[in-house]
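The values are calculated or read from the model by the stated rules, or taken from the named source; none is laboratory data. Note that the structure is predicted; figures quoted are calculated from it, not measured. We place every Cβ from the backbone using ideal geometry, glycine too, and count neighbours over all the protein chains shown. Ligands, DNA and RNA are excluded from the accessible area calculation, which covers all protein heavy atoms including side chains. Shrake-Rupley method; radii C 1.70, N 1.55, O 1.52, S 1.80 Å.
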2 protein chains.
Amino acid sequence: MANQADVIVVGAGLSGLSAAKLLHEKGIEVLVLEARDRVGGRTFTEHNPKVKYVDLGGAYVGPTQNRILRLADEFGIETYLTNEVEDVIFYTKGKSKRFTGTFPPMGSFLAYMDMNNLFRLIDQMGEEIPMEAPWNAPKAKEWDSMTVKEFLDKNVWTAAAKAFATCFVQVNVTSEPYEVSLLWLLWYVKCAGGSMRIYSTTNGGQERKFVGGSQQISKRIAEKLGKEKVILSCPVCHIKQNGNDATIKDLHGNTYMAKYVIMSVPVPLQNRIVYEPPLPANRNQLIQRMPMGSVIKTFMYYDTPFWRKDGFCGSSAIDDEGAIIGFTMDNVNPDGSCPALMGFILADKARTLSVLSRDERKQRIGELYAKVFKSDQAKHPKHYEELNWPAEQWSGGCYTTMMPPGFLTKFGSELRKSVGKMYFAGTETATEWSGYMEGAVQAGERSAREVMAEMGKLSASEIWQREPENKQVKSSPFPSTFMNRHLPSVPGFFGLLGSVGILSAGVLAAVLYQRHFR
Amino acid sequence: MANQADVIVVGAGLSGLSAAKLLHEKGIEVLVLEARDRVGGRTFTEHNPKVKYVDLGGAYVGPTQNRILRLADEFGIETYLTNEVEDVIFYTKGKSKRFTGTFPPMGSFLAYMDMNNLFRLIDQMGEEIPMEAPWNAPKAKEWDSMTVKEFLDKNVWTAAAKAFATCFVQVNVTSEPYEVSLLWLLWYVKCAGGSMRIYSTTNGGQERKFVGGSQQISKRIAEKLGKEKVILSCPVCHIKQNGNDATIKDLHGNTYMAKYVIMSVPVPLQNRIVYEPPLPANRNQLIQRMPMGSVIKTFMYYDTPFWRKDGFCGSSAIDDEGAIIGFTMDNVNPDGSCPALMGFILADKARTLSVLSRDERKQRIGELYAKVFKSDQAKHPKHYEELNWPAEQWSGGCYTTMMPPGFLTKFGSELRKSVGKMYFAGTETATEWSGYMEGAVQAGERSAREVMAEMGKLSASEIWQREPENKQVKSSPFPSTFMNRHLPSVPGFFGLLGSVGILSAGVLAAVLYQRHFR
């Protein structure tokens, strides 16, 4: 019967499809139910003559993301480097500062010391957090009772470092520092390999994109499964378990049956389903408490990649309350066609500016880019693309869920806990690169192996598997200099000075003044 | 046609029914769709021979809650006083301290000064917050970027005051201080008339209960509407608007049509419905960001109200990390039958202890009450009742939603903003006693008048209406003494001392020691 399978996967995003693929390869009958009329979830590649193709959703991959790279290899999908040949820009106080590398130079030695200390601290604290169980970190409760803003207020002394740290949070998790739990952010950065790996282009999370777009991977998996195994436009609204099997109903009244269910829709959308029996109390509350981040992904298409001519690679971090975009990257197609700048409208700005019209956003972006890239050409795009992810009913936002203070220590351990015969996939349940395509694949395959273990087809110890490094896309360690390791924090520095002379009090006062009044 | 009406109300809780009642009285055809097999939502009165009746959900009413009292009067439902004749208990450091009145005495003058300052501050800050638009408060952004814990850490100096303040937050909003936005808590307390009104029994929110239970009001409204107008066991899963009317589908595939929709289910459950067209971006994200609080309401039934004999009224606030219950009240029926102690398992404890069995919870409660009320009789209840609200699929938790940092300033203004022909009720959308039965009625009636205004049956200026004071249940102002108004804060006090002598530094050091190490 067509509506019956060993395993039903709810959600044909990358995670659900990765689960289905693995089960299918092991000869287990699987059926994937998808609410949208397409596969891919938060990966979505638009095709039209103006752009040829463009990833309006998840796009970037890099070293250590070996699972998604393995899938791409399997389907013969190649990657190409994000352009970072020319200079990067840090736009702050209305000026574009050029730099190369990952983190921008700070205006003063104090600010440099401050930023060095901050990211060293973030990575050191991350070392105390178990990726698979962050709630077990020795200071889990303390760090989870604190917002990232509170942490920055306590540990960052200069306005310049704080401004950049805020950009870092917004661009990495599409939320504001005052919305998210410190424990969660530390864990999230750690799962991505640390502050350098997560934020870097070269040797980091943004190193590459897929030639032809990221959605191809989902499409190719769906093809492999076969058309009749991936049912589109079928929003699941009811899951009933009786101990032996599960009966699933969609919004059109169709019924499906399976022995196991893999739930692979974004956590807040799991609230869209009625469960029988009802979910356990903590899971019933968990799905109310992990909202999706807020981002509008935009692309401005130009006649030429004018920024390159001027020695800019296209990457910029923008620190400006009034600026619509927080972060840009070059988006010229690998064949050199369709030059564009990708830009993110992030966190609170995505909320405030989602009420503007598409054309108003386009115009504001052009005006901003003219300042950031110092060229009036920026004001004259020949084409514009955007996707407002918070308006997407079947994603709820992007890139991923965030966790507010108090969540991880009280609800975190429920995230992957099966409910009857229902198992949980989705990048939010990953322990490596959670929130990324890599995490989606890790979580999907892990959930498939959980089901196989339950079926007696593999042992429990085989559920979690390491992934060998990709042959083409290799990671290098990030060099840490003697300076990086030993430079004191700002208060540490004045402590040192203090042992030299009373002078420091006056300087410290000046810093405090700068900190609070600038 | 039975499945058609001018207005369809989704949710037969007190708010939805209040809306339906008002529309019905104005001759407007209304249909109420309810997911559960009963009306009343978060008001639920259990009937059985052991208890006669007991409110396992919302129960308390008091002065200034004039709308819910008006409805009760209309149906001839009487109120009776919560017992507060004998002493109240503040159980802290393993000891029960007796007191009378609202706030417990602190152990030292410093702590007294500290608590006086804290609640004065909460009320003063509340004065700057417009009830109908808290996001417009002059310091909205600053206060919304901060958790209540952060605020307490900065403004409370003594361990005793901080312990009580934590109890205050937990019992009023069933969440932890580190989970919730300061702006939201200040607004919530203000909407309830201030810190004294919200927390008091006599002259406050807990002054009375309904003879026969609070669910009666919903039942009587439903009777008045008529059986065929309130459709039970009909979870709405799809709302389609075409500009002129709305087509609503339930989980069983039934279809209903109306010109207007009043949405009156708890905010996170609005995520359970598929909308066509999809919700605007900010509302799509709003419904992911307002989770329900966490509370298990418990009742221990005894042969006699033994606590009264010993001079305790039954009310207690319990400050103890290991204690299962945070707050108790006497629950003897108004005819003197079925003596019981009501106790709340609050916030994080509701999450941790929801995995225990019902019997384990009962036993732990008995052991705790034996200590708090100093009587071994507490260990021998003859009956136990509880309701674990976080496990309720159709409420999601209790008493109400909470707002995490950053929510109110960015999403708050969307709360009552209609979407096409869909209007919003629910106690969370109220501006007086939000989170309470009173707020449910205010919001329901306001939403009904919004629809009537849209129908041209009343003017926009009539949508918001004041409610005259109830004839029986009258409020008095809370007296504020010269001391209360003029006593300094702890640092203020040492500032004063400082002008007297250098002595203060040593004392301040001692306080700081106590603050950080106790």
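Any residue that is modelled with pLDDT under 95, part of a helix (DSSP H, G or I) and open to solvent by 30 Å² or more (accessible area, probe 1.4 Å) - is there at least one of those in the stretch A:473-483?
yes
Specify the residue that is farthest from the chain's Cα centre (by Cα); the eligible residues are those in the stretch B:279-326 that are within 14 Å of chain A (Cβ to nearest Cβ) and more than 23 Å from A:LEU346 (Cβ to Cβ).
B:GLU321
Please give the helices (runs of 4 or more DSSP H) falling wholly within the stretch A:274-365 in which 2 or more residues are of a type in the set (Lys, Arg) and modelled with pLDDT of 95 or more.
Counting at least 2 such residues, we get A:306-309, A:348-353.
I'd like the full set of residues that are under 19 Å from B:LYS410 (Cβ atoms) and touching a helix residue (DSSP H, G or I) at 6+ places or on another chain (Cβ under 6 Å), limited to the stretch A:378-394.
A:ASN388, A:PRO390, A:ALA391
Does at least one position in the stretch A:4-14 carry a residue that is out of contact with any Phe, Trp or Tyr (no Cβ under 8 Å at 6 or more places or on another chain), within 19 Å of A:GLU467 (Cβ to Cβ) and either at pLDDT 95 or above or buried (at least 16 other Cβ atoms within 10 Å of the Cβ) (or both)?
Within the stretch A:4-14, one or more residues are out of contact with any Phe, Trp or Tyr (no Cβ under 8 Å at 6 or more places or on another chain), within 19 Å of A:GLU467 (Cβ to Cβ) and either at pLDDT 95 or above or buried (at least 16 other Cβ atoms within 10 Å of the Cβ) (or both).
When you scan the stretch A:417-426, do you find a residue that is within 12 Å of chain B (Cβ to nearest Cβ) and under 30 Å from A:MET263 (Cα atoms), even just one?
Checked the stretch A:417-426: at least one residue is within 12 Å of chain B (Cβ to nearest Cβ) and under 30 Å from A:MET263 (Cα atoms).
Looking at the stretch A:488-501, I want the residues that are exposed (fewer than 12 other Cβ atoms within 10 Å of the Cβ) and have a partner that is modelled with pLDDT of 90 or more with Cβ atoms under 7 Å, at least 6 apart or on another chain. Which pairs are those?
Between residues of the stretch A:488-501 that are exposed (fewer than 12 other Cβ atoms within 10 Å of the Cβ) and residues that are modelled with pLDDT of 90 or more, the close pairs are A:LEU496/A:PRO488.
Being away from chain B (no Cβ under 14 Å) and on the phi > 0 side of the Ramachandran plot: is that true of A:GLY213 here?
yes
For residues that are more than 14 Å from every other protein chain (Cβ to nearest Cβ) and touching a Leu at 6+ places or on another chain (Cβ under 8 Å), scanning just the stretch A:327-355, find the one that is surrounded by the most Cβ atoms within 10 Å (Cβ to Cβ).
Here the residue is A:THR328.
Do you know which residues across the stretch B:381-398 are more than 9 Å from chain A (Cβ to nearest Cβ) and either part of a loop (DSSP other than H, G, I, E, B) or within 16 Å of B:ILE325 (Cβ to Cβ) (or both)?
B:PRO381, B:LYS382, B:TYR384, B:GLU385, B:GLU386, B:LEU387, B:SER395, B:CYS398
Of all residues in the stretch A:399-416 being facing chain B (nearest Cβ under 9 Å) and in a loop (DSSP other than H, G, I, E, B), which is nearest to A:GLY62 (Cα to Cα)?
In this case the residue turns out to be A:PRO404.
Name, by its number, the condition in (1) open to solvent by 10 Å² or more (accessible area, probe 1.4 Å); (2) more than 14 Å from chain B (Cβ to nearest Cβ); (3) assigned to a loop (DSSP other than H, G, I, E, B) that does not hold for A:TRP433.
Condition (1) is where A:TRP433 drops out.
Matching residues to (1) touching a Phe, Trp or Tyr at 6+ places or on another chain (Cβ under 6 Å); (2) surrounded by fewer than 22 Cβ atoms within 10 Å (Cβ to Cβ); (3) closer than 27 Å to B:THR429 by Cα; (4) without any contact (Cβ under 8 Å) to a residue 40 or more places away in the chain:
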site	(1), (2), (3), (4)
B:GLU84	no, yes, no, no
B:PHE103	no, yes, no, no
B:LEU110	no, yes, no, no
B:GLY126	no, no, yes, no
B:TRP143	no, no, yes, no
B:VAL156	no, no, no, no
B:ALA161	no, no, no, no
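Take A:VAL173 and decide whether it is surrounded by 24 or more Cβ atoms within 10 Å (Cβ to Cβ), touching a helix residue (DSSP H, G or I) at 6+ places or on another chain (Cβ under 8 Å), within 11 Å of chain B (Cβ to nearest Cβ) and of a type outside the set (Ser, Thr, Tyr).
Against the criterion (surrounded by 24 or more Cβ atoms within 10 Å (Cβ to Cβ), touching a helix residue (DSSP H, G or I) at 6+ places or on another chain (Cβ under 8 Å), within 11 Å of chain B (Cβ to nearest Cβ) and of a type outside the set (Ser, Thr, Tyr)), A:VAL173 does not qualify.
In the list A:GLY336, A:GLY322, A:GLY343, which residue meets the criterion of being on the phi > 0 side of the Ramachandran plot and without any contact (Cβ under 8 Å) to a residue 60 or more places away in the chain?
Checking each option against the conditions leaves just A:GLY336.
Condition first: more than 19 Å from B:ILE129 (Cβ to Cβ), of a type in the set (A, V, I, L, M, F, W, C) and in contact with a Lys or Arg (Cβ under 9 Å, 6 or more places away or on another chain). Now tell me which residues in the stretch B:413-443 satisfy that.
B:VAL419, B:PHE424, B:ALA425, B:MET437, B:ALA440, B:VAL441
What's the number of the only condition in (1) crowded, with 22+ Cβ neighbours inside 10 Å; (2) within 14 Å of chain A (Cβ to nearest Cβ); (3) out of contact with any Pro (no Cβ under 6 Å at 6 or more places or on another chain) that B:GLY439 fails to meet?
Every listed condition holds for B:GLY439 apart from (2).
How many residues are open to solvent by less than 70 Å² (accessible area, probe 1.4 Å), of a type in the set (Lys, Arg) and away from chain B (no Cβ under 12 Å) when one looks only at the stretch A:224-260?
Qualifying residue count for the region: 1.
Step by step: first the residues of the stretch A:19-58, then only those that are open to solvent by 40 Å² or more (accessible area, probe 1.4 Å), touching a helix residue (DSSP H, G or I) at 6+ places or on another chain (Cβ under 7 Å) and part of a loop (DSSP other than H, G, I, E, B), then the one that is nearest to A:MET437 (Cα to Cα). Which residue is that?
Among those residues, the one meeting the criterion is A:PHE44.
Scanning for something in contact with a Lys or Arg (Cβ under 8 Å, 6 or more places away or on another chain), of a type in the set (Val, Ile, Thr), in a loop (DSSP other than H, G, I, E, B) and open to solvent by less than 50 Å² (accessible area, probe 1.4 Å), does the stretch B:454-464 turn up at least one residue?
Yes, there is a match, as at least one residue in the stretch B:454-464 is in contact with a Lys or Arg (Cβ under 8 Å, 6 or more places away or on another chain), of a type in the set (Val, Ile, Thr), in a loop (DSSP other than H, G, I, E, B) and open to solvent by less than 50 Å² (accessible area, probe 1.4 Å).
Is it the case, given these coordinates, that B:LEU408 is at negative phi and open to solvent by 10 Å² or more (accessible area, probe 1.4 Å)?
no
Read through the list (1) closer than 12 Å to B:ILE217 by Cβ; (2) open to solvent by 10 Å² or more (accessible area, probe 1.4 Å); (3) touching a Lys or Arg at 6+ places or on another chain (Cβ under 7 Å), then give the number of the only condition that B:VAL61 fails.
If we test B:VAL61 against (1) closer than 12 Å to B:ILE217 by Cβ; (2) open to solvent by 10 Å² or more (accessible area, probe 1.4 Å); (3) touching a Lys or Arg at 6+ places or on another chain (Cβ under 7 Å), just (2) comes out false.
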